[in-house]
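Asks: Here it is: the structure, laid out below.
Since every read-out is calculated from the coordinates, none of them should be taken as a lab result. These numbers were taken from a predicted model, which means no experiment stands behind them. All Cβ positions, even for glycine, are placed from backbone atoms using ideal geometry, and neighbour counts span all protein chains on display.
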C-alpha cells in the first residue's frame, strides 16, 4: 500500500516526539597503516521509542535468525527518509545505543538497537 505524504507527515507530527543524535563510524588508516575508527556527527532526527518488541514483531522481523534475540534494548520508529544505517550510534536521553537492524515499512523505519 502506498501511503500519501500527508499521511506520513501526520504520523510524524503525532508520534515522533523524541530527539536523537546520529553518529556514524568512520574508518581511516594511520601513518603506520593501522585502522582508526572514529565517530562523526551525521545529524539528528525525531522518533518514537519502544522499550520492547512484541513477540509477533520479533517473529515477523526474524530477530532470532539475525542473531538479535538478546540484544534488543530499544526499538525506535521514525520517518523512512532518515539516513540511519546499521552500526550508527544514537544518543537519546544521554544514553548511547548502537543500531543493530533497520527495517523499512510503508509508513515508517524501525530501528532495533542495543546499549552501546
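Asks: If you stretched the chain out fully between residue 9 and residue 106, how much longer would it get, using 0.36 nm times the residue separation minus the C-alpha to C-alpha distance?
Replies: 33.6 nm
Asks: Between residue 48 and residue 80, what is 0.36 nm times their sequence separation minus the Cα-Cα distance? Round to one decimal in nm.
Replies: 10.2 nm
Asks: Now for a different question. What residues from region 10-35 fall in the zone where the backbone N is under 17 Å from a label point 7 Å along the Cα-to-C-beta line of residue 41?
Replies: Residues 19-26 qualify, since their backbone N sits under 17 Å from the label point.
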